[in-house]
Amino acid sequence: MARAEFTALGGGDCIGNSCYFFKVPKGDGTFYHIVVDCGVAFDAGTMDAPGQTYIPDLEILNGIKIDLIILTHAHADHDGYMPILVRKHPEAMVIMTEPTGQILAVKLEDVLKIAKKYNRAPLFTADDVEFLFEEGRIKTLDQGEWASPFENDPHFQISLHPSGHTRGAASVLMRTLAGNFMFSGDVSLHDLPTVLGATIPVDFRPDFLVTEMTYGGHNQPPRKSEEERFIMKVEEVVGRGGNVLIPAFAMGRATDVALVLAKAGLEVYVAGALTFKMARLFGSATWCDRDVKDLSHPNIKFLREGDYDNVINGQGNIVIASSGMMDFGWSSTFAKAWMSDPMNAVCFSGYLAEDTFGKRVSDMKPGQKIRVRNHKTGETESITLRSEVYEFCFSAHADQTELADWMLALSPSEIVGIHCERPGYEALSKVLADRGFKGSIRLGENGKTLIVGYEV
Ligand SMILES: [Zn+2]
C-alpha cells in the first residue's frame, strides 16, 4: 500500500524559485514522478554589485525518471530554470498551455539577449532553449481537455484549468488512483483587464489541494476603487503639465495598466521592445473563455526608437515602462530624467521587493539623493528626488478572503499551502478554521516531504 508524496524543491514556505515534486502511486507499488514549475528568485543587488539568483534544489531528482513536467504559467519565479530541468530530464513529457509556451519562448530569448548585453553568464544556453522547444517535447492542452498521458493507464488523467493571474495561466487537475489532486499555480479570483478571474471547475472536486497563499495574510483594496484612485492621480499630474512614469512588469502588468488608463480617456505611451512583444502576444495568444480577447485601444501608443527624446523632454506625458522595480530597462532611464522635477510623479503599479531601486525610491523623502542608471548608456549619476511617488495595489493574486472563499467552495479534505511565508499561511489557516473548514491544512516547507492522498 502506498500514498502520494509532495515535496517543495523551492517556493514552498517562501516566494520565488517555485518547483514542486509529486510522487503519485500507480497501484503496482511504483510511482509516477511529476514536477510542476521550475523557477528562479532574484535579489536585485545594488548599483555597484550584481544581485544573486536562487534556483530550486533539483538534487532530490537525481537518478529519478521524471514522467511529467508541467508549467503553470510563464513568470520567472515559475519558469526561469525550466530549460535546465528539461535538459536534465529529457525523458519527461512537458505539459503547458499554448499561450504559456509562446510567452516562454519570447522570454527565454530575451533572458539570453540581456545576459549577452551585460556580459553575464546565463543560467542556460540557446542550445538548452532549443532542446526545450524541440518538436514533440511539449504537449499543450486546451481548456476542458482531459489527457491520459500514460499508455495503458486510464486511471491517470490530467487537465489544465484557467487560473486567471496572467495570459495562459492554469491550475493542474489530476485524477489518480490516490484521489483527485489540484495544484493551483498562481491564481487570481478577481477580473484583470487582460484575463478574468478563475472559476471553480465544474466536473472536478479535489480531494487534495496544493495552493499558493501569497496574500494569505491580508486583504487587498477592491480593484475598482484602486483603479479610480490611480486614474485620479494620473489625471491630476498630467493636468498640471507634469509627466507620469509608471514602472510595470512587462509580462502582463504593463498591458493591464495601459488598458485601465486608455479606457479612462488618457493617452499612454508604452516603452520597451519586450513590453511591446508581450502586449502583442497577449492580444493574439488566447486559450480559454477567461481571456479578454481584444486588447488594442487607440489611446495606447508604443514608443519607437526615434520617439524617446521627444517624450522624455515633453510635458503631460504618461509612460508605462519595464522593469517594474526600476532596476533596469526604460523605467530606470525615465526615472533618471523625471524624478528630480516636482511637477512629475512616479506611480508604482506592483510589488516592490527589498533591495530594489524602486523600493529605495518608495522609502525616500523628497530632497534626498539617489544614484540612477541610464540603461542605454550604463552611466549612473546622483539626482535629488523631488517628484511625487505613489504606490498602487494591482495584484494579480487572490487575497485572503478570496482564497478562503475559493478553498471552501473547492472543499478538499487536505490543503497544503505554498508560495507564501509562514505568517500568511497561519493567518489563512485560522480564517479557514473559523469559517468551519474541517480538513487538514499544512505548510509545504522547502525540502520536507508530505504524505498526501488516499492509500492505494
Ligand atoms: Zn505568477
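Since every read-out is calculated from the coordinates, none of them should be taken as a lab result. All figures in this text were calculated on a predicted structure; none of them were measured in a lab. Methodologically, a virtual Cβ is constructed for each residue, glycine included, from the backbone with ideal geometry; neighbour enumeration extends over all protein chains shown.
Just so you know, the Rg over Rh for the chain is 0.98, from Cα atoms, with Rh as the Kirkwood radius. Where does helix 422-434 land angle-wise versus the long Cα axis of the chain, in degrees 0 to 90, nearest 10? The angle comes out near 60 degrees.
Put in line by how crowded their Cβ is, counting other Cβ atoms within 10 Å and starting with the fewest, F334, F282, F230, F328 read F328, F230, F282, F334. Between the helical axis of 273-284 and the longest alpha-carbon principal axis of the chain there is an angle of about 50 degrees. The alpha-carbon of K438 sits under 26 angstrom from the alpha-carbons of these lysines, leaving out residues fewer than 8 places away in its chain: K23, K430, K448.
Going down the list K26/K65; K107/K233; K116/K301; K116/K139; K277/K376, which pairs span over 24 Å between their C-alpha atoms? Walk me through the numbers on the way to the answer.
Values: K26/K65 14 Å; K107/K233 32 Å; K116/K301 29 Å; K116/K139 30 Å; K277/K376 19 Å.
K107/K233; K116/K301; K116/K139, as the Cα separations exceed 24 Å there.
Of all beta bridges DSSP finds with both residues in the chain, what is the antiparallel percent, to the nearest 5? It would help to have the intermediate numbers written out before the result.
On the way: 36 of 75 bridges.
Approximately 50 percent, going by the DSSP bridge assignments.
With the simple spin-label model, which puts each label point 7 Å out from Cα in the Cβ direction, the K365 to T30 separation comes to 6.8 nm.
Please arrange H161, H73 by counting, for each residue, the other beta carbons lying within 10 Å of its beta carbon, fewest first.
Numbers: H161 23, H73 27.
Listing H161, H73 from fewest to most nearby Cβ atoms yields H161, H73.
Between amide H atoms placed 1.01 Å from N, distances below 5 Å from I415 occur with L209, S440, I441, R442, all of them 5 or more places distant or on a separate chain.
Can you figure out the FRET efficiency of I60 with K293, using R₀ = 51 Å and their beta-carbon distance, to the nearest 0.05?
The formula returns an efficiency of 0.80 here.
Going by a ≥ b ≥ c, the root eigenvalues of the Cα gyration tensor, does the stretch 217-293 fall in the rounded group (a/c under 1.5), the prolate group (a/b larger than b/c) or the oblate group? Judged from the Cα gyration tensor, the stretch 217-293 comes out oblate (a/c at least 1.5, b/c at or above a/b). Fewest-first ordering of T100, T53, T194 by other beta carbons within 10 Å of each residue's beta carbon gives T53, T194, T100. Between the helical axis of 98-117 and the longest alpha-carbon principal axis of the chain there is an angle of about 50 degrees.
Name the shape class, rounded, prolate or oblate, that the alpha-carbon gyration tensor gives for the stretch 279-429, where a ≥ b ≥ c are the square roots of its eigenvalues, rounded holds for a/c under 1.5, and otherwise prolate holds if a/b is larger than b/c and oblate otherwise. Please report the intermediate quantities before stating the final value.
On the way: a/c = 2.76, a/b = 1.54, b/c = 1.80.
Oblate, because a/c is 1.5 or more while a/b does not exceed b/c.
Simple point charges give the picture: +1 on the Cβ of Lys and Arg, -1 on the Cβ of Asp and Glu, and for the chain a dipole about the Cα centre of about 800 debye.
Given the Cα-Cα distance of D307 and N219 and 0.36 nm per residue of separation, how much length would full extension add, in nm? Working shown, then result.
Working: separation 88, 0.36 × 88 = 31.68 nm, distance 4.04 nm.
The span from D307 to N219 would gain 27.6 nm if fully extended.
Sorting the segments 421-434, 135-148 by their mean number of nearby beta carbons within 10 angstrom, highest to lowest, gives 421-434, 135-148. Modelled spin-label separation between D142 and K263, with each label point placed 7 Å from Cα along the Cα-to-Cβ direction: 2.8 nm.
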